[in-house]
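Everything below concerns the one structure shown next.
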Amino acid sequence: MAEPSDKQVKSVLAATSWALLGMLSYEEEVSGYDLKKWIDWSVDLYYWSPSNSQIYTELKKLQSLGLVTSRIERDEGTRSRRLYKITAAGLDAVTDWTNNAPVDPPVLKHSVLMRVTFGHLTTPARLKEMLQDHVAYAEARHRKAVEDAEGAEDEPAWAYSVLALRWAAKYYAAEREFALELIKDIDAADSIIQKAKPGSGKVRPTPGYWREVEKQVQSKRRAD
């Protein structure tokens, strides 16, 4: 069977595969279970944490493409585990991806802000509860990022990973401050809503007014 071309490899690999190849570039051999634990310890703080099934699916795909190899390791009892190792082709592929693949812009999918956007459907008190929960979440993630960065500092090969973890710590610290500031602003927004309420008790925007806003923004951009 002919080996897949670079173009074919790039077209079939998802972000999970590139992350797994990148992590395998550090180690001689590692199990899928250990890769999951490692991702939860590091990459999860600034990207995502794939499920175990995703990891094993991508590892099988990487092996079918000749980018990793695997073997079964058995202990003295009946337990066994499959260990994966990156191949020369896999190392070449992930090196090329790291250096030359287009960098996707970060996508902000903030469920808390979505709830704030539709704050007219709830109460200031409920919004503040959600934001307080988010503050606690951000504080926990900040603490984890700081601890993981400190834990990685003694390993020279992880020097760049430490930089990413420190960035994650700063991000969650800022997220916490943004949420605390937003909590203070909730009452002011509610005051605007209350003053504008008609007899029906519902505040509705002028139909189609978003089009006027769009025209104003576009006009300003052209002027700039």
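Of note:
- Within region 65-106, the residues that satisfy the criterion of being within 27 Å of the chain's Cα centre (by Cα) and over 15 Å from Leu20 (Cα atoms) are Asn99, Asn100, Ala101, Pro102, Val103, Asp104, Pro105, Pro106.
- Residue match in region 155-164 (condition: assigned to a loop (DSSP other than H, G, I, E, B) and either farther than 23 Å from His110 by Cα or within 17 Å of the chain's Cα centre (by Cα) (or both)): yes
- Taken together, the criteria place Thr16 among residues that are open to solvent by less than 40 Å² (accessible area, probe 1.4 Å), free of Cβ contacts under 8 Å to residues at least 60 places away in the same chain and over 30 Å from Met130 (Cα atoms).
- Residue pairs whose Cβ atoms lie under 8 Å apart, sitting 6 or more positions apart in sequence or on different chains, and linking a residue in region 173-195 that is in contact (Cβ under 8 Å) with a residue 12 or more places away in the chain to a partner that is open to solvent by 50 Å² or more (accessible area, probe 1.4 Å) and of a type in the set (Lys, Arg), are Ile183/Lys128; Ile186/Lys128.
- Within region 145-172, tally of residues that are surrounded by fewer than 17 Cβ atoms within 10 Å (Cβ to Cβ), out of contact with any Phe, Trp or Tyr (no Cβ under 8 Å at 6 or more places or on another chain) and of a type in the set (A, V, I, L, M, F, W, C): 2
- Matching residues, region 177-218, being open to solvent by 60 Å² or more (accessible area, probe 1.4 Å), more than 34 Å from the chain's Cα centre (by Cα) and either among the hydroxyl-bearing types (Ser, Thr, Tyr) or closer than 30 Å to His142 by Cα (or both): Ser200, Thr206, Tyr209
The values are calculated or read from the model by the stated rules, or taken from the named source; none is laboratory data. Small disclaimer: the values here were computed from a predicted structure and weren't measured. Here the Cβ is made from the backbone with ideal geometry for all residues, glycine too, and neighbour counts use every protein chain on show. With ligands, DNA and RNA removed, areas are computed over all heavy atoms of the protein, side chains included. Shrake-Rupley method; radii C 1.70, N 1.55, O 1.52, S 1.80 Å.
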